[in-house]
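Take a look at the structure set out below.
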Amino acid sequence: MWFFMITSYILVIISGIGILLIGINHYVNIWPTHHITLDLLVSIIFIATQTLVIFFFVGTGVNVKEYTQANQEIGDRFYKGILGIKRKLYPPTLMVTILFMATVILDGGFFLGKVNEWWFHIIYVLTLYYYIKATGEQHKAFIGSTNIVLAMTKTER
């Protein structure tokens, strides 16, 4: 559990740097090779990161459900807590993923001369906003799920 959580934090930071680099590269062209190669590299890291985060919470939810089914005396309040965390986590996480992919597509479309640059500006700003929002929700969700697992297993920090 701790390995995946720490890996997620590291990859989220790298993804944030990558999003900023895409924005800078759009204007300054800091990447020495073709423009789209940076977008593709950051896309691979970003999608892997968001997938890891989502699967962490899917796995945690399954583990909590199995534990509560095996130990019915503790009730289902822990599982309901995990479901509440997922309800808050998934919308901004999925939205930032969709907006990020739109940003990459529009960035490539602009450099091919097929899309107006304003579309990139609008989607890029929305992507930054939802990245910050999703990262905050992910942090809260990691704390909440850890507290649920610790309370459920009666483990002290």
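Quick look at the values:
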| read-out | value |
| --- | --- |
| In the stretch 83-137, residue nearest to His35 (Cα to Cα) [restricted to those that are among the acidic types (Asp, Glu) and touching a residue at least 40 places away in the same chain (Cβ under 8 Å)] | Asp107 |
| Complete set of residues in the stretch 32-54 that are closer than 18 Å to Tyr124 by Cα and either basic (Lys, Arg) or touching a helix residue (DSSP H, G or I) at 6+ places or on another chain (Cβ under 9 Å) (or both) | His35, Ile36, Leu38, Asp39, Leu40, Leu41, Val42, Ser43, Ile45, Phe46, Ile47, Gln50 |
| Tally, over the stretch 131-157, of residues that are part of a loop (DSSP other than H, G, I, E, B) and of a type in the set (Gly, Ala, Ser) | 0 |
| Looking only at the stretch 63-92, and only at residues there that are basic (Lys, Arg) and in contact with a helix residue (DSSP H, G or I) (Cβ under 9 Å, 6 or more places away or on another chain), the one that is surrounded by the most Cβ atoms within 10 Å (Cβ to Cβ) | Lys86 |
| Within the stretch 9-39, considering residues that are closer than 14 Å to Tyr131 by Cα, touching a residue at least 12 places away in the same chain (Cβ under 8 Å) and among the β-branched types (Val, Ile, Thr), the one surrounded by the fewest Cβ atoms within 10 Å (Cβ to Cβ) | Ile14 |
| Any chance Ala48 is buried (at least 16 other Cβ atoms within 10 Å of the Cβ) and either in a loop (DSSP other than H, G, I, E, B) or of a type in the set (Gly, Ala, Ser) (or both) | no |
| Set Thr60, Thr51, Thr68: member being over 19 Å from Asn147 (Cβ atoms), among the polar types (S, T, N, Q) and at pLDDT below 95 | Thr51 |
| Residue that is assigned to a helix (DSSP H, G or I) and under 13 Å from the mean Cα position of the chain (by Cα), where the choices are Leu128, Leu83, Leu106 | Leu128 |
| Test: Ile54 is of a type outside the set (Lys, Arg) and crowded, with 17+ Cβ neighbours inside 10 Å | yes |
| Near pairs, Cβ below 8 angstrom, 6+ apart or cross-chain, from the stretch 142-157 (of a type in the set (Phe, Trp, Tyr)) to any residue that is at pLDDT below 90 and surrounded by 13 or more Cβ atoms within 10 Å (Cβ to Cβ) | Phe142/Met5 |
| Any chance Lys114 is out of contact with any strand residue (DSSP E or B) (no Cβ under 7 Å at 6 or more places or on another chain) and in a helix (DSSP H, G or I) | no |
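The values are calculated or read from the model by the stated rules, or taken from the named source; none is laboratory data. Nothing here was measured: the structure is a model prediction, and the numbers come from that model. Glycine gets a Cβ as well: all are built from the backbone with ideal geometry, and neighbour counts include every protein chain shown.
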